[in-house]
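Below you'll find the structure, written out as structure tokens, and then a few comments.
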Amino acid sequence: MGAVMEGHTLASEIRARVKQKVEDLKRSGIDVGLGLMIVGDNPASLQYFQATINIAKSVNINTHEYRMPTSISLNEILNSIHDINRDERINGLLVIFPLPRRINPRRVVNAVLPEKDVDGLGSVSVGRLAAEESTFQIFDERFSKPANDKQFLPQYAEHLPCMPSGFLPCTPFGVIRLLEYYGVQLQGKNAVVIGKSLAVGKPLAIMLLSKEATVSVCHKSTTNLDFYLCNADIVCSATGVSGLIKADMIKEGAVVIDIGINVLNDGRIVGDIDFEGVLKKASLVTPVPGGVGPVTIATLLENTVRSAQNNALLNNPLLIVP
Ligand SMILES: NC(=O)c1ccc[n+]([C@@H]2O[C@H](COP(=O)([O-])OP(=O)(O)OC[C@H]3O[C@@H](n4cnc5c(N)ncnc54)[C@H](OP(=O)(O)O)[C@@H]3O)[C@@H](O)[C@H]2O)c1
């Protein structure tokens, strides 16, 4: 019988550190702000939008909400983003997906300044990740060790430059942090990522590769998923297909990360994995909800505060946050 790899503890430690940094910046006269943009009224999107606002407020990050009607044009969205880029109160922007089909999502994410791309989805952020210019963050122990760990870097290390190297996408970065928080060794392990989206699967595969795991990426056209899974030490599923991964498909003792979020007809929220069955065979399994999700939001807020720190430091290199 495996153990449950919950995300609330790590997420609350990250939030506590974020809250402290927000207070430190406030003492230097700087408020931290997050912009959130939603188009339409998809219930799941609205729920994520509101949850992120509530959690941001709980750590004293100001929120700036942009609620757009489904009928909005791409030009109007881009104009709003240009305004946000110039708005000194806003340090990062989260655009909630999916957007209406007629809106090109790449135009939207690429309009966000890389310095404010706290969700790490723009081409500059993606390129920096692929070029290993931002992966140093996944080797930085401050991001995964428990808050009371004595090996934490000193306070000044909070100002290590990260803006030129961009922000990492929050969900895959959250997965790596959760794995490390639970002491899962990645180097030399066989990892299978199911899903190849730009938001989750692809960047996660790059991050696991940076950690020197041997990575296979599976997707809809993968004909023999079982073949890859039966040899996988680490399985990360991000498909949005409930019940896709069952116990008989995974290796005894595997670590299984469920990123999928699926709302069933009866209103229950489940992941991609048959949680009860897989838990009997795996060593660690993340639940849905309560696994990767809370760490994703905490990481987004942390990226936002780092954006504010970078901006403050660039404008005043002698800034000493009390
Ligand atoms: N927990 C969190 O914080 C968090 C954050 C973001 C997303 N999510 C959830 O994660 C899931 C994936 O999100 P996404 O944005 O990556 O979705 P997406 O863009 O729709 O991508 C889904 C991926 O899964 C693959 N796939 C679909 N059905 C499959 C199957 N039967 N077998 C193998 N691969 C299959 C697709 O393959 P093709 O590319 O071949 O079509 C695609 O690469 C969703 O449920 C989403 O709600 C969770």
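Brief remarks follow.
- On inspection, ILE14 qualifies as closer than 30 Å to GLY253 by Cα, open to solvent by less than 70 Å² (accessible area, probe 1.4 Å) and of a type in the set (Val, Ile, Thr).
- Once the range 256-268 is narrowed to residues that are open to solvent by 20 Å² or more (accessible area, probe 1.4 Å) and in a loop (DSSP other than H, G, I, E, B), the residue that is farthest from the ligand (Cβ to nearest atom) is ASP266.
- THR299 vs. criteria in a loop (DSSP other than H, G, I, E, B) and either within 12 Å of THR171 (Cβ to Cβ) or in the same structural domain as ALA199 (by TED's automatic domain parsing) (or both): no
- Hits in the range 214-242 - residues which are of a type in the set (Gly, Ala, Ser) and within 10 Å of the ligand (Cβ to nearest atom): SER221, SER237, ALA238, GLY240, SER242
- When the range 233-255 is filtered for residues that are surrounded by 14 or more Cβ atoms within 10 Å (Cβ to Cβ) and more than 24 Å from PRO289 (Cβ to Cβ), the ones remaining, listed by number, are ASP233, LYS251.
- Subset of the range 181-201 that is within 11 Å of the ligand (Cβ to nearest atom) and without any contact (Cβ under 8 Å) to a residue 40 or more places away in the chain - its residue that is surrounded by the fewest Cβ atoms within 10 Å (Cβ to Cβ): LYS196
- Residue in the range 284-293 that is aliphatic (A, V, I, L, M), assigned to a strand (DSSP E or B), over 30 Å from ILE30 (Cα atoms) and not assigned by TED's automatic domain parsing to the domain that holds ASN85 present: yes
- Total residues in the range 269-313, condition free of Cβ contacts under 8 Å to residues at least 40 places away in the same chain, within 11 Å of the ligand (Cβ to nearest atom) and either under 30 Å from ASN91 (Cα atoms) or open to solvent by 20 Å² or more (accessible area, probe 1.4 Å) (or both): 4
- Members of the range 22-49 that are open to solvent by less than 40 Å² (accessible area, probe 1.4 Å) and at positive phi: GLY40
- So VAL95, is it in contact with a strand residue (DSSP E or B) (Cβ under 8 Å, 6 or more places away or on another chain) and free of Cβ contacts under 8 Å to residues at least 24 places away in the same chain: no
The values are calculated or read from the model by the stated rules, or taken from the named source; none is laboratory data. All of these numbers come straight from a predicted model, not from anything done at the bench. Using ideal geometry, Cβ is built from the backbone for each residue, glycine included, and neighbour counts are taken over all protein chains shown. With ligands, DNA and RNA removed, areas are computed over all heavy atoms of the protein, side chains included. Shrake-Rupley method; radii C 1.70, N 1.55, O 1.52, S 1.80 Å.
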